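For reference, the structure is listed below as structure tokens.
The values are calculated or read from the model by the stated rules, or taken from the named source; none is laboratory data. Predicted model only: the values in this text are computed from it and were never measured. Positions of Cβ are backbone-derived with ideal geometry, glycine not excepted, and every protein chain shown enters the neighbour counts. What goes into the accessible areas is simple: the full protein's heavy atoms, side chains included, and nothing from ligands, DNA or RNA. Shrake-Rupley method; radii C 1.70, N 1.55, O 1.52, S 1.80 Å.
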Amino acid sequence: LHDDTDKCFNFIISKKHKRFDIICDNSGAELFSDIYLAVFMIIHDYVNKVVLHVKSYPYFVSDATIDDFGRLVNILTKNKSNSQLLELLSKKKIEVKSHKFWTEAKYFDELPKDLGINKNTTDLLIVKGDLNYRRLVEDKLWNHRVKTSSRIKYATAPMLVIRSYKSSVVM
């Protein structure tokens with residue numbers, strides 16, 4: 001367990017970034033939080049654009065999909081509320097994308113180029129969830145003394161990895 005909150009916060013506020021990518025995990029309250037994190041980052045001038053990556057269909061029952069995103073935005077903007085969210089979506093400052101990679105049995109070292117996630121396009125890749133974490137570290141049993149950063153040398157951009165501990169990948 002490691003807490004890099006200060007390091008992450010200092011990175012985020014260090015300059016205005018061009019783009020953050022969020023690899024979403026669950027629908028419902030978690031997707032709501034992802035959307036509002038995107039809004040917060042943009043309106044507070046930390047980043048120009050946020051891309052939310054969701055699954056085309058649920059890999060697990062609670063996985064966030066494009067349909068979930070659309071339904072949630074409809075609820076949030078009903079009766080002309082949350083006009084800032086609508087404005088950010090219409091100006092493409094917040095985008096939602098889906099790709100078959102998110103439901104394939106592949107590790108992050110096989111991240112396809114057509115996802116557009118690399119050091120030239122994104123300043124920060126926020127990776128959420130146990131399954132995505134396991135895909136980052138190749139779902140192997142690692143010695144607890146090995147730093148996560150040394151396990152993901154293939155990273156194409158700075159990463160913030162947020163994980164709920166559900167399954168052991170360290171010994």
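Couple of notes before you dig in:
- Single condition ASP6 does not satisfy, out of (1) touching a residue at least 60 places away in the same chain (Cβ under 8 Å); (2) open to solvent by 70 Å² or more (accessible area, probe 1.4 Å): (1)
- Test set (1) open to solvent by 20 Å² or more (accessible area, probe 1.4 Å); (2) within 25 Å of ASP45 (Cα to Cα); (3) without any contact (Cβ under 8 Å) to a residue 60 or more places away in the chain; (4) of a type outside the set (Asp, Glu) - TYR133 fails condition number: (2)
- Filter result for GLU95 (open to solvent by 30 Å² or more (accessible area, probe 1.4 Å), farther than 26 Å from VAL39 by Cα and of a type outside the set (Val, Ile, Thr)): no
- Exclusive hit being outside any helix (DSSP H, G or I), more than 16 Å from the chain's Cα centre (by Cα) and of a type in the set (D, E, K, R), set ASP21, ASP3: ASP3
- Scanning the stretch 25-45 for residues that are open to solvent by 50 Å² or more (accessible area, probe 1.4 Å) and either part of a helix (DSSP H, G or I) or touching a strand residue (DSSP E or B) at 6+ places or on another chain (Cβ under 9 Å) (or both) yields ALA29, GLU30, PHE32, SER33, TYR36, LEU37, PHE40, ILE43.
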